[in-house]
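Participant: Got a structure for you, written out below as structure tokens; questions coming shortly.
The values are calculated or read from the model by the stated rules, or taken from the named source; none is laboratory data. What you are looking at is a predicted structure, and each value in this text was computed from that prediction instead of being measured. As a convention, Cβ positions derive from the backbone with ideal geometry for all residues, glycine included, and neighbour counts pool all protein chains shown. Keep in mind that these areas ignore ligands, DNA and RNA; they rest on the heavy atoms of the full protein, side chains included. Shrake-Rupley method; radii C 1.70, N 1.55, O 1.52, S 1.80 Å.
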Amino acid sequence: MALRHYTLDFNLSAPADCPSTVHGLQSIFQEQEMTETVHDTEGHGYLATFIGKNGRLVILRVHSHGLVTVDLQCCEGDNIAQVDNLLNALEKKLKSLLHGNIRRVKRLPALTRGAAVDRYWPTADGRLVEYDIDRVVYDEDSAYQNIKILHSQQFGNILILNGDVNLAESDLPYTQAIMGRGKENYTGKEVLILGGGDGGILAEAVKLKPEMITMVEISFQDAAFHVFLTHMRKACGSVLDKLKGDCYQVLVEDCVPVLKKYVEEGKTFDYVINDLTAVPISTAPEEDSTWEFLQLILDLSIKVLRPTGKYFTQGNCANLTEALALYEEQLGRLSCPVNFSKEVVCVPSYMELWVFYTVWKK
């Protein structure tokens with residue numbers, strides 16, 4: 001069974017008087033028939049836990065630096081009205097006890113922990129977002145990654161790969177930004193898509209009447225292919241029902257050998273769209289392999305780009321300025337000089353601004 005976790009914080013102008021504050025709350029906990037246990041904080045204020053017969057747990061902390069926190073945990077099936085009454089009583093009493101010393105009071109909605117449906121997912125810059133997810137559509141480990149598809153009332157089905165929100169049925173702005181739609185003329189052009197396994201880019205690109213689209217996506221070797229067909233049709237439509245159409249082909253291969261073969265053959269494209277991976281968040285040594293992979297893809301992609309062609313890719317969250325700056329440094333170390341521009345777009349299900357790059361030869 002899931003737990004509901006409530007928090008109530010009082011930021012103070014000066015440290016609270018621990019004995020009087022705690023004494024003033026005793027009657028509330030006694031009315032709730034909650035048993036108190038005081039914990040030794042070695043001079044860092046007051047810490048006590050209060051446990052009720054119904055399994056409710058309250059952690060009261062009076063911090064020595066001027067902060068009072070109340071954490072209340074209860075089972076999801078607990079009486080919500082009773083829990084609210086307890087929190088209201090604690091908040092009202094603390095406001096009275098700490099009157100004149102309060103800078104800010106903050107009470108947050110309950111955080112549901114351990115539920116069958118996980119509604120909390122981090123943004124790229126480390127903020128926690130609560131989605132309106134109401135059911136799990138799909139959750140399996142493939143040969144390459146964990147694949148989840150969760151349904152949101154606001155965003156439709158959301159594809160989550162290895163814990164990262166990847167694409168939702170609402171995220172047409174992402175697809176349009178990564179292919180420069182509205183700014184480029186795809187009519188009669190040759191297009192190479194690297195990755196893009198959700199099918200969103202391919203579905204939009206075929207509408208623009210190109211000569212030929214080649215999409216290289218290795219994940220279709222496993223169950224992911226059937227997942228997109230079944231559950232992400234608002235993003236991919238029917239374009240993935242077959243791997244070859246009038247103006248496109250899908251190669252179920254590793255893109256690196258394919259790119260190297262194209263370089264050797266002298267095959268070129270008007271547009272290369274890289275939807276393989278975002279710019280790494282971390283610049284730590286363990287991310288070196290990802291940065292090396294990005295550099296390799298960049299070099300190979302520019303080599304198969306026609307003189308007037310363009311290379312499109314996602315960057316990452318606009319707040320990750322250090323990582324984006326490192327990526328832009330990579331653009332200056334390619335086998336031939338390039339220019340680049342960037343666009344910042346609000347991707348609906350990401351709930352953050354996302355940076356997209358356009359690169360072309362000088």
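Participant: When segment 95-141 is examined, which residues are found to be polar (S, T, N, Q) and closer than 18 Å to S152 by Cα? Reasoning before the result, please.
Facilitator: So the first thing to find is which residues in segment 95-141 are polar (S, T, N, Q), and the list is 96, 101, 112, 123.
If the condition is that a residue be polar (S, T, N, Q) and closer than 18 Å to S152 by Cα, then T112, T123 are the ones that fit.
Participant: Now for a separate question. Among the strands (runs of 3 or more DSSP E) confined wholly to segment 149-217, which include 3 or more residues that are open to solvent by less than 10 Å² (accessible area, probe 1.4 Å)?
Facilitator: Counting at least 3 such residues, we get 156-161, 190-195, 212-216.
Participant: Return the only residue of G200, G156 being in contact with a strand residue (DSSP E or B) (Cβ under 8 Å, 6 or more places away or on another chain), small (G, A, S) and at positive phi. Quick ask: steps written out before the conclusion?
Facilitator: Working: G200 fails: at positive phi.
From the options G200, G156, the qualifying one is G156.
Participant: Next up: Looking only at segment 32-46, filter to residues that are outside any strand (DSSP E or B) and open to solvent by less than 90 Å² (accessible area, probe 1.4 Å); which one of those is modelled with the highest pLDDT?
Facilitator: Here the answer is M34.
Participant: A further question on this structure: Looking for something touching a helix residue (DSSP H, G or I) at 6+ places or on another chain (Cβ under 8 Å) and part of a loop (DSSP other than H, G, I, E, B) - is there at least one such residue anywhere in segment 104-122?
Facilitator: Going residue by residue through segment 104-122, those that are touching a helix residue (DSSP H, G or I) at 6+ places or on another chain (Cβ under 8 Å) are 105, 107.
Still in the running and part of a loop (DSSP other than H, G, I, E, B): none.
No.
Participant: While we're here: Residues in segment 81-99 that are free of Cβ contacts under 8 Å to residues at least 40 places away in the same chain, open to solvent by less than 80 Å² (accessible area, probe 1.4 Å) and either part of a loop (DSSP other than H, G, I, E, B) or of a type in the set (A, V, I, L, M) (or both): how many?
Facilitator: The qualifying residues number 1.
Participant: State whether the residues of segment 57-80 include one that is in a helix (DSSP H, G or I) and within 18 Å of A110 (Cβ to Cβ).
Facilitator: The answer is yes; a qualifying residue exists.
Participant: Which pairs have Cβ atoms under 8 Å, sit 6 or more apart or on different chains, and link a residue in segment 152-163 that is among the small types (G, A, S) to one that is modelled with pLDDT under 90 and part of a strand (DSSP E or B)?
Facilitator: Listed by first residue and then by second, the contacts come to G163/N146.
Participant: So, in segment 326-362, exactly how many residues are open to solvent by 30 Å² or more (accessible area, probe 1.4 Å) and under 25 Å from V129 (Cβ atoms)?
Facilitator: Residues flagged as open to solvent by 30 Å² or more (accessible area, probe 1.4 Å) and under 25 Å from V129 (Cβ atoms) within segment 326-362 amount to 7.
Participant: Moving on. For segment 221-268, what are the residues that are of a type in the set (S, T, Y), surrounded by 14 or more Cβ atoms within 10 Å (Cβ to Cβ) and without any contact (Cβ under 8 Å) to a residue 12 or more places away in the chain? Outline the logic, then answer.
Facilitator: Step one: of segment 221-268, the residues of a type in the set (S, T, Y) are 230, 238, 248, 262, 268.
This time we only want the ones that are surrounded by 14 or more Cβ atoms within 10 Å (Cβ to Cβ), so: 248, 262, 268.
Those that are of a type in the set (S, T, Y), surrounded by 14 or more Cβ atoms within 10 Å (Cβ to Cβ) and without any contact (Cβ under 8 Å) to a residue 12 or more places away in the chain: none in segment 221-268.
Participant: Separate question: Can you find a residue in segment 130-137 that is assigned to a loop (DSSP other than H, G, I, E, B), over 24 Å from V227 (Cα atoms) and at pLDDT 95 or above? Quick ask: steps written out before the conclusion?
Facilitator: Just the residues of segment 130-137 that are assigned to a loop (DSSP other than H, G, I, E, B), to begin with: 131-132.
Okay, now just the ones that are also over 24 Å from V227 (Cα atoms), so none.
No, because not a single residue in segment 130-137 is assigned to a loop (DSSP other than H, G, I, E, B), over 24 Å from V227 (Cα atoms) and at pLDDT 95 or above.
Participant: Continuing with the same structure: Among the residues of segment 53-68, how many are open to solvent by 10 Å² or more (accessible area, probe 1.4 Å) and either of a type in the set (S, T, N, Q) or at negative phi (or both)?
Facilitator: 9
Participant: Moving to a separate point now. Failed condition for I297, given (1) within 22 Å of K183 (Cα to Cα); (2) modelled with pLDDT under 95, with all others met?
Facilitator: Unmet condition: (1).
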